[in-house]
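Worksheet for the structure shown next.
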Amino acid sequence: MGFNPASAGGLMGLEFLALPPDRPVAEALAAVGGAHALQPEALTSVHAVDEGGLLLGVASVVRLLQSDPAASLAEACDDDPVRIGPDTDMVDVAVLMSDYNLITIPVVDEGRRLVGVVTVDDVLEAALPGDWRRRGAAQPPDAHHGEGP
């Protein structure tokens, strides 16, 4: 899409869960459960959008689980979520996510239409120096606990 790789547009994923704000919380949770094609990191929030893609709010899955299943998605949403533009610098993205303890942050265009989502693992992947990366997954410290010599 031509975004700077060190910007929100370069980091964002284009797959996210967005529903109309009048849908019941139970339907939003069912959509999360049925979204097998999306990465789990992108499923920590449900975005309320109108017919034109305008971001109206964001609800965490925890908030949805704690809400009345018959309530509307809009009722469970933060209607003024922290959001960024595609040109937001990666450092600013990381600072916002840290300051607000966010796992995901929506990326919106100049008209506040949802265009993508940056996940915390996207930021970490981009921020870690190449020589810090391991070729294989690190084992937990107690991986061999209880095994004989």
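The values are calculated or read from the model by the stated rules, or taken from the named source; none is laboratory data. Because the structure is a prediction, the values reported are computed rather than measured. All Cβ positions, glycine included, derive from the backbone under ideal geometry; neighbour counts span all protein chains shown. What goes into the accessible areas is simple: the full protein's heavy atoms, side chains included, and nothing from ligands, DNA or RNA. Shrake-Rupley method; radii C 1.70, N 1.55, O 1.52, S 1.80 Å.
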Exercise for the section: Quick one: angle between helix 90-99 and the longest Cα principal axis of the chain, in degrees between 0 and 90, rounded to 10, please. Expected result: 80
Completion exercise
Expected max-MSF residue from Ala18, Ala70, Ala28 in the GNM of the chain (alpha carbon, under 10 Å) is Ala70
Exercise for the section: Compute the distribution of all C-alpha to C-alpha distances in the range 1-89, in bins of 10 Å from 0, and list the percent of pairs in each, rounded to whole numbers. Expected result: 17, 45, 29, 8, 0
Practice task
Kindly give Rg over Rh for the chain, based on alpha-carbon atoms, with the Kirkwood expression for the hydrodynamic radius.
Solution key: 1.06
Completion exercise
The percentage of the accessible area of the chain (probe 1.4 Å, all protein chains present) made up of carbon and sulfur atoms, to the nearest whole number, is 54
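Rounded to the nearest 0.05, what FRET efficiency do Glu15 and Asp142 have when you use their Cβ-Cβ distance and R0 = 35 Å? Show your work: numbers first, answer last.
Working: r = 35 Å, r/R0 = 0.99.
Once the sixth-power term is evaluated, E becomes 0.50.
Around Ala48, under 15 Å between beta carbons, what's the net of Lys plus Arg minus Asp minus Glu among the other residues? Present the calculation step by step, with values, prior to reporting the outcome.
Numbers: positive: Arg23, Arg63, Arg83, Arg112, Arg113; negative: Asp22, Glu27, Asp50, Glu51, Glu75, Asp78, Asp79, Asp80.
Here the charged neighbours net out to -3.
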